[in-house]
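Down below is the structure, laid out as structure tokens.
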Amino acid sequence: MEYRWPKTMTGQEPKLLFGGDYNPDQWPEDIWEEDVRLMKKAKVNVVTVAVFAWANLEPEDGVYTFEWLDRVLDKLYEGGIAVDLATATATPPRWLTSAHPEILPRNKQGEVLWPGSRQQWRPTSEVFRRYALRLAEKMAERYKNHPALVSWHVSNELGCHNRFDYSDDAALGFQKWLKKRYGTLEALNDSWNGAFWSQKVTDWSQIIPPRESMCGCNPTTLLDFKRFSSDALLEYYEAEAELLHRITPDVPVTTNLMIIENQTNPVDCFKWGRHLDFVSNDHYYLPDERHLDEMTMSAAITDGVADKNPWFLMENSTSSVNWRPINLRKQPGEIIRDALVHVANGADAVCFFQWRQSRAGAEKFHSSLLPHAGEDSRLFREVCELGNALTALKPVLKSRVEQAKIAMVYDYDSWWSWENGLLTQLFDYRAEFYHWYRAALDAGVAADVVRKEDAWESYETVMFPVTILADAEISEKARHYVEQGGQLIVTYGSGIMDSREHVYLGGYPGAFRELLGVRVEEFVAIDENDKIELDNGWSGQMWADDITGVSEDCEVVSRILPSASDRALRGQAIVTRRSYGKGSAWYIGTKLDRSSAEQLFRERILKTDAVPDGKEAHLLSGEVARGENTPLRIRRVKDGQCFEFIFNRCAEQAVEVPVAGHPLYLLMAEAGEDRVVLEPSGAAVYLCGQ
Ligand code: GAL
């Protein structure tokens, strides 16, 4: 799909977009005027309208009441506010689920998931699709020439609640998908190893979704079901997008992905990214010490999904949400600081859920741009300040995030495969990825995030953190990359199986064994309160590889000390580096603890240690800002211009950072001649030469 950004309304200049979900149909009409006045006051310039408005747009089968939406769009247009118009198909109205209960999804136990909240529809239901496409078509026909319309927003967070459906419709869809993937039952049985537990399939109709059964389901079936479920939703998205493209060819189409900290992920965002005219994401901060780092990581993943094209932050929150066990709020300044984190990572639009805080309903205590307290509130004043900040940052528009010194491979297939379990319940794919991403931040580098199938050969260093699945093409690509001079890092739990989850025999990690020059015989789980100490002062946790073979041309960077509780591990190599061709290949056989991982990056891999005297960042106390206090620096570049975004990662102290150029925006920061002092939660944006 060719990249296309929302249109600019006639008579307006392109700007960084700022706004949020706007649900006027949930309010009396006499409040709309006030909404537009306050939007203008906050410099809001785009809103997403009608996400959950199906019941108010089609109150009865085939009866449409668009007049209220006409008035909303006209009012917004008059106020100079653009509209990202939702197709309103996110949640079917009650009349539809009553007339057609066969669109309701079923859970693993075969029970119906009833209406009463939202997204109660089967991604594979033809009936649902017929009704939804009919509404989307009516919307497109009615608003195709409306001057406020700048982009389309298909449905909402597809798969957030209806990711898995175990109904008969899903069974048929799954059978069709498998036929396409495997062609023959032989290939399917081979992939699923049908002989195991006598589960050989002799007719496609025998295949069902992985419903509740006696004990663990076949892991490759589970993995395929996750792939299928992502594709089924994508097919649905494409059906709406195709219709919109046909009726309004010049209006770009998107839907909001969910690249955010969570246990699972509904769709393969890298795959989806290639099908959206522009990528949009929803992100909600973690209310603990991971807040800034996790947000940066999610934003960097989104930038990778967007292939470094500017992307749209469709939702985030001004303060607390209402769905965590404890809903901690943001600290003063963090609305702006967080927006800057997304912009630094490539967002050209910063939007929120939602414009006006609901007065009733499930989300009435979720923060918004305009809180219950109204215009005269700290929160709304900060929102207005954010509007000013984004206006000041206009020059950043359309620049791209500069290529980092290191790319990290993020792999949905591997993530889904890890969910089948291996060795230890302490393992969590996203937490492992975060561990390594943060170690690079601690060493002063914000990594780029790439998918293993894409072109990552232009990076100096490429890391495969816990990438358990790798096909032969990937190992060959890695070999070629190192031969040509690349620096490759492979960690424990990578390259163990192919994409059918078949283990490479002869020693792990089969996909990379020869290139790395190491042979792992077994994996060793390390207990929660235990660790392995290494001979260079580092330590490892959770996982250790039993490395019984190291080729002669490998440098052993660290060995396990005799204190290890697993006796067979004592004295064994655990971190190695092999020179190969013009490059080198590292193997890290354990989860190095945070400071060891930082040292590995700082001293050996990224060499960020070599900072000329006096150029290091210092904390207020005078200490060099290292590790968790290392400031975060990200650059966006365009046409010979460079914008550097700098953030203080230290929660308690100010940090003084050497910097060149002119400040474009300062948040809780003071600019000196060649340095800037940032308070906790402070940030600065500098315009510097490239
Ligand atoms: C998102 C959703 C919004 C709102 C928000 C609350 O998942 O798209 O409609 O519910 O969460 O945080």
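General observations
- For L85, the criteria (1) in contact with a Phe, Trp or Tyr (Cβ under 7 Å, 6 or more places away or on another chain); (2) buried (at least 23 other Cβ atoms within 10 Å of the Cβ); (3) over 26 Å from F270 (Cα atoms) hold in every case but one, which is (3).
- Residue among R356, R337 that is buried (at least 19 other Cβ atoms within 10 Å of the Cβ), over 23 Å from N262 (Cβ atoms) and basic (K, R): R356
- Residue satisfying condition, being closer than 18 Å to W586 by Cβ and surrounded by fewer than 21 Cβ atoms within 10 Å (Cβ to Cβ), within set E457, E522, E453: E457
- Answer from A362, A407 - the residue that is of a type in the set (A, V, I, L, M) and away from the ligand (no atom under 16 Å from the Cβ): A407
Conditions tested, residue by residue: (1) out of contact with any strand residue (DSSP E or B) (no Cβ under 9 Å at 6 or more places or on another chain); (2) of a type outside the set (S, T, N, Q).
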site: L426; (1), (2): no, yes
site: H435; (1), (2): no, yes
site: D448; (1), (2): no, yes
site: W456; (1), (2): no, yes
site: T461; (1), (2): no, no
site: D471; (1), (2): yes, yes
site: H502; (1), (2): yes, yes
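- Top-ranked residue in the range 55-82 [being surrounded by 13 or more Cβ atoms within 10 Å (Cβ to Cβ) and of a type in the set (A, V, I, L, M); ranked as nearest to the chain's Cα centre (by Cα)]: A82
- Screening H291 on (1) of a type outside the set (V, I, T); (2) under 15 Å from the mean Cα position of the chain (by Cα); (3) over 25 Å from I31 (Cβ atoms); (4) crowded, with 23+ Cβ neighbours inside 10 Å shows it passes everything except condition (4).
- Subset of the range 339-350 that is assigned to a helix (DSSP H, G or I) and in contact with a Ser or Thr (Cβ under 9 Å, 6 or more places away or on another chain) - its residue that is nearest to the ligand (Cβ to nearest atom): H342
- Scanning the range 41-53 for residues that are in contact with a helix residue (DSSP H, G or I) (Cβ under 9 Å, 6 or more places away or on another chain) and within 14 Å of the ligand (Cβ to nearest atom) yields V47, V49, A50, F52, A53.
- When the range 655-665 is filtered for residues that are within 19 Å of V341 (Cβ to Cβ) and surrounded by 19 or more Cβ atoms within 10 Å (Cβ to Cβ), the ones remaining, listed by number, are V655, V657, V659, L664, Y665.
- The range 312-333, subset surrounded by fewer than 20 Cβ atoms within 10 Å (Cβ to Cβ) and away from the ligand (no atom under 13 Å from the Cβ), residue nearest to N388 (Cα to Cα): G333
- Every condition in (1) surrounded by fewer than 18 Cβ atoms within 10 Å (Cβ to Cβ); (2) farther than 25 Å from Q12 by Cβ; (3) among the hydrophobic types (A, V, I, L, M, F, W, C); (4) away from the ligand (no atom under 16 Å from the Cβ) holds for A392 except the one numbered (2).
- R356 meets all of the listed conditions (1) within 16 Å of the ligand (Cβ to nearest atom); (2) of a type in the set (K, R); (3) out of contact with any Asp or Glu (no Cβ under 7 Å at 6 or more places or on another chain) but one, namely (3).
- Top-ranked residue of the range 627-637 - restricted to ones that are more than 19 Å from E679 (Cβ to Cβ) and either at pLDDT below 95 or out of contact with any strand residue (DSSP E or B) (no Cβ under 6 Å at 6 or more places or on another chain) (or both), ranked as surrounded by the fewest Cβ atoms within 10 Å (Cβ to Cβ): V637
- Residue in the range 29-44 that is under 26 Å from the mean Cα position of the chain (by Cα), at pLDDT 95 or above and outside any helix (DSSP H, G or I) present: yes
- Close pairs from the range 51-63: first within 22 Å of V154 (Cβ to Cβ), partner within 15 Å of the ligand (Cβ to nearest atom) and in a helix (DSSP H, G or I), Cβ under 8 Å, at least 6 apart: A53/D25; N56/D25
- Failed item, numbered, when N309 is tested on (1) away from the ligand (no atom under 14 Å from the Cβ); (2) within 26 Å of P28 (Cβ to Cβ): (2)
- Conditions (1) free of Cβ contacts under 8 Å to residues at least 60 places away in the same chain; (2) touching a strand residue (DSSP E or B) at 6+ places or on another chain (Cβ under 9 Å); (3) within 16 Å of Y587 (Cα to Cα); number of the one not met by S475: (2)
- Taken together, the residues in the range 244-256 that are more than 14 Å from the ligand (Cβ to nearest atom) and part of a loop (DSSP other than H, G, I, E, B) amount to 5.
Yes/no matrix, rows are residues, columns are (1) touching a residue at least 40 places away in the same chain (Cβ under 8 Å); (2) among the β-branched types (V, I, T):
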site: V503; (1), (2): no, yes
site: G507; (1), (2): yes, no
site: G510; (1), (2): no, no
site: L515; (1), (2): yes, no
site: F523; (1), (2): yes, no
site: D535; (1), (2): no, no
site: G540; (1), (2): yes, no
site: E555; (1), (2): no, no
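- Exactly one residue among L379, L386, L422 is of a type in the set (A, V, I, L, M) and within 30 Å of D530 (Cα to Cα), and that residue is L422.
- Every pair of residues 6+ apart whose Cβ atoms lie under 6 Å, when the first sits in the range 344-362 and is farther than 17 Å from A299 by Cβ while the second is more than 11 Å from the ligand (Cβ to nearest atom) and in a loop (DSSP other than H, G, I, E, B): W355/L369; Q357/P371; Q357/H372; S358/K364
- The residue that is farthest from I634 (Cα to Cα), among those in the range 257-302 that are in a loop (DSSP other than H, G, I, E, B), free of Cβ contacts under 8 Å to residues at least 60 places away in the same chain and within 15 Å of the ligand (Cβ to nearest atom), is P287.
- Only residues that are within 27 Å of E186 (Cβ to Cβ) and touching a helix residue (DSSP H, G or I) at 6+ places or on another chain (Cβ under 8 Å) were counted in the range 476-494, giving 0.
- Hits in the range 249-269 - residues which are surrounded by fewer than 20 Cβ atoms within 10 Å (Cβ to Cβ) and in contact with a Lys or Arg (Cβ under 9 Å, 6 or more places away or on another chain): D250, E261, N262, Q263, T264
The values are calculated or read from the model by the stated rules, or taken from the named source; none is laboratory data. Just so we're clear, the structure is a prediction, and the values are computed from it rather than from any experiment. Every residue, glycine as well, gets a Cβ built from its backbone with ideal geometry; the counts of neighbours run over all protein chains shown.
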